[in-house]
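**Q** Starting off with a structure, shown below.
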Amino acid sequence: MSFEKTILVTGGAGFIGCHVAKLFVENYPNYKIVNLDKLTYAGNLENLTEIEDAPNYEFIKGDIVDETFITDLFEKNQFDSVIHLAAESHVDRSILNPNEFIFTNIVGTTNLLNAAKKLWENGFEKKLFYHVSTDEVYGSLGEEGHFVETTPYDPKSPYSASKASSDHLVRAYAHTYKLPVVISNCSNNYGPNQFPEKLIPLCIHNIKNNLPLPIYGKGENVRDWLYVKDHSDAIDVIFHHGKTGETYNIGGNNEWTNIDLVRMLCKIMDKKLGQNEGVSEQLITFVKDRAGHDLRYAIDSSKLKNGLGWEPSLQFEEGLEKTVDWYLSNGNWLDNVTSGNYQKYYETQYVQR
Ligand code: NAD
Ligand code: TYD
């Protein structure tokens, strides 16, 4: 079977990556999607059952830090494009162990850039290296203002510093070698398939299991939340219509303090579990703040909206309800990902905090 394009998606077994992989496999049968993932604690093939037998899909287990493996993979598959999502993605883990973030996010990204540059050295026409990044590279906002694409980088955590470094490398390859790249920087995602270490799925899991809901500090930190399928739609739009060399901010225009968000989630959980309103809120527990905790993120995505016509489609409450429904009807998924080392991580993070 011959395909119009062969696209490498990295990190496609993770939270956002699985939605991107599914969208591209299902909406573009004329593209071959090769999903490369190391299957770390965050990667899960159960996220991909809908597409595992699709004729335009292939999964390959592998590590982007392994330079020889990556060079050979590009040579063998002759990729036209890369959508790069593989990363270590959790701020708290980056505080515990920054090194893994340096290897995967910086060295891994550089290996992919080198392999793309080598494979495409005879011509960049119709080639694209799409780097998926975060708004956390811009640092932390005060009470006012929004991140725009020209906001100077000021990352504060080992995670955001490693992502900022990878963004700089992608831009350096575009400038120095003319590699055709595009970057998007997105705000906090939520939705189905997110590993229960991030705030929303962690709280859903803990309410379900009658465990404390750990709120760092006073719960006054603000995040701008976007439903994961809106993010994957934005990636689709930017992949097909974005201008090479450009950066696009993606955000939900949806700012919440952590405490208000968790209270709303508690109400939804009470309703869905058929219990009295107020029961879940009793689990809220204020704990020691995260080291170097960024106060506020808020994204201005008007460049994407005005230039390419993308906008978030879901109201937050609706998105949260869909998310809760997914977790409650996928109890096996949640049980599987919280077996093994999860309990150990949970104890390090929260019980001893
Ligand atoms: P995730 O942690 O859920 O998934 C990451 C995936 O990458 C996993 O499947 C993992 O197995 C894989 N991976 C990790 N190291 C690898 C390696 N060395 N080689 C190959 N695969 C490896 O992350 P996510 O939340 O889906 O984030 C995906 C991307 O989007 C990341 O680049 C992240 O920085 C970015 N991002 C995330 C958010 C968010 O709110 N989650 C927001 C903006 C941007
Ligand atoms: P998180 O989901 O880890 O995303 P990020 O740190 O990338 O923004 O955290 C979202 C917010 O919730 C952040 O301000 C930290 C806070 N938080 C808690 O208060 N308790 C928790 O258990 C977690 C995981 C996060």
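**Q** Is it possible to state the helix-based mean residue ellipticity at 222 nm for the chain, with each DSSP H run of 4+ residues giving -39500 (n - 2.57), the sum divided by total residues, to the nearest 500 deg cm²/dmol? What is it?
**A** -11500 deg cm²/dmol
**Q** List the relative contact order of the range 253-353 as a percent without decimals, with contacts defined as Cα pairs under 8 Å and 6+ residues apart.
**A** Worked out over the range 253-353, it gives 26 percent.
**Q** Using packing as a proxy for protection, rank 226-236, 241-251 so that the peptide with the highest average count of other Cβ atoms within 10 Å comes first.
**A** By packing density, highest mean first, the sequence is 226-236, 241-251.
**Q** Let me ask something else. What is the fewest-to-most order of TRP120, TRP333 by other Cβ atoms lying within 10 Å of their Cβ?
**A** So the residues, fewest neighbours to most, are TRP333, TRP120.
**Q** Treating the beta-carbon of each Lys and Arg as +1 and of each Asp and Glu as -1, no other charges, what is the dipole magnitude of the chain about its Cα centre, to the nearest 20 debye?
**A** Dipole size: approximately 380 debye.
**Q** Could you point to the residue in THR40, THR110, TYR190 farthest towards the positive end of the chain's charge dipole, with +1 and -1 charges on the Cβ of Lys/Arg and Asp/Glu respectively?
**A** After comparing all options, I get THR110.
**Q** By counting other Cβ atoms within 10 Å of each Cβ, how are CYS203, CYS18 ranked from fewest to most?
**A** Ordered by Cβ neighbours within 10 Å, fewest first: CYS203, CYS18.
**Q** Show me 185-192, 204-211 ranked by packing, highest mean number of other Cβ atoms within 10 Å first.
**A** 185-192, 204-211
**Q** Let me ask something else about it. Around ALA86, what is the net charge, scoring Lys/Arg as +1 and Asp/Glu as -1 over all other residues with Cβ under 14 Å from its Cβ?
**A** -2
**Q** Let me ask something additional. Roughly how many Å is it from the Cα centre of the range 246-313 to that of the range 16-63, as a whole number?
**A** What the calculation gives is 27 Å, centre to centre.
**Q** Mind sorting LEU36, LEU73, LEU128 by how few other Cβ atoms lie within 10 Å of their own Cβ, fewest first?
**A** Sorted ascending by nearby Cβ count, the order is LEU73, LEU128, LEU36.
**Q** Could you run the Karplus curve 6.51 cos²θ - 1.76 cosθ + 1.60 with θ = phi - 60° over the range 322-335 and give me ³J(HN,Hα) per residue in whole Hz, x for Gly and Pro?
**A** 4, 5, 4, 4, 4, 5, 6, 9, 10, x, 5, 4, 5, 4
**Q** Continuing with the same structure: What length, rounded to one decimal in nm, is gained on full extension from HIS175 through to GLU311, with 0.36 nm per residue of separation minus their alpha-carbon distance?
**A** Full extension from HIS175 to GLU311 adds 46.0 nm.
**Q** What is the ratio of the Cα radius of gyration of the chain to 2.2 N^0.38 Å, where N is its residue count, to two decimals?
**A** 0.97
**Q** Would you kindly calculate the mean projected area, averaged across all directions, of the convex hull enclosing the Cα atoms of the range 235-296, in square nanometres?
**A** Over every viewing direction, the Cα hull of the range 235-296 projects on average to 7.4 nm².
**Q** Among all the lysines, which ones have a C-alpha under 20 Å from LYS305's C-alpha, if same-chain residues fewer than 8 places away are not counted?
**A** Those lysines meeting the cut-off are LYS229, LYS243.
**Q** Reachable aspartates and glutamates from LYS303, Cα under 12 Å, same-chain residues fewer than 8 places away excluded?
**A** List returned: GLU149, GLU246, GLU311.
**Q** Specify whether the C-alpha gyration tensor of the range 1-91 places it in the rounded, prolate or oblate class, a ≥ b ≥ c being the square roots of the eigenvalues: rounded for a/c under 1.5, otherwise prolate if a/b is larger than b/c and oblate if not.
**A** Since a/c reaches 1.5 but b/c is at least a/b, the shape of the range 1-91 is classed as oblate.
**Q** Still on this structure, I have one more. Label the range 40-113 by shape, choosing from rounded, prolate and oblate, from the square roots a ≥ b ≥ c of the eigenvalues of the Cα gyration tensor; if a/c is under 1.5 it is rounded, and otherwise prolate applies when a/b is larger than b/c, oblate when it is not.
**A** Here the range 40-113 falls in the oblate category.
**Q** Which whole-number percent gives the relative contact order of the range 35-138, counting Cα pairs below 8 Å spaced six or more residues apart?
**A** Reported relative contact order: 31 percent.
**Q** Where Lys and Arg each count +1 and Asp and Glu each count -1, what net charge lies around GLY62 among other residues with Cβ under 11 Å from its Cβ?
**A** It works out to a net charge of -2.
**Q** Turning to a different aspect of this structure: Give the share of C-alpha pairs in each 10 angstrom bin for the range 162-232, from 0 to the last occupied bin, in whole percents, shortest bins first.
**A** 16, 32, 29, 16, 7, 1
**Q** Once you put a point 7 Å from the Cα of GLU144 and another 7 Å from the Cα of GLU321, both along the Cβ direction, what distance in nm separates them?
**A** Distance between the two pseudo-spin positions: 3.7 nm.
**Q** So, in nm, how far is label LYS272 from label THR285 when the simple model puts each one 7 Å beyond its Cα toward the Cβ?
**A** 2.2 nm
**Q** Let me check I've understood the local charge: for SER302, count other residues with C-beta under 11 angstrom from its C-beta, Lys and Arg +1, Asp and Glu -1. What total comes out?
**A** Its environment carries a net charge of -1.
**Q** Right, next: Percent antiparallel among DSSP beta bridges with both residues in the chain, to the nearest 5?
**A** 10 percent
**Q** Would you mind calculating the gained length between ILE60 and ASN99 on full extension (0.36 nm times residue separation, minus the Cα-Cα distance), in nm to one decimal?
**A** 11.6 nm
**Q** To continue, here is another question. In terms of Cα to Cα distance under 27 Å, which lysines are near enough to LYS288, apart from those fewer than 8 places away along the same chain?
**A** LYS156, LYS163, LYS198, LYS208, LYS218, LYS267, LYS344
**Q** Using Cα pairs under 8 angstrom and six or more residues apart, how large is the relative contact order of the range 121-226, in percent?
**A** Relative contact order, the range 121-226: 29 percent.
**Q** Once the piece of chain linking GLN343 and ASN210 is laid out straight, how much longer is it, given 0.36 nm per residue of separation minus the C-alpha distance between them?
**A** Computed gain between GLN343 and ASN210 is 46.4 nm.
We did not get these values from a lab; they are worked out from the coordinates using the rules stated. As the structure is a prediction and not an experimental result, all values here were calculated from the model. Here the Cβ is made from the backbone with ideal geometry for all residues, glycine too, and neighbour counts use every protein chain on show.
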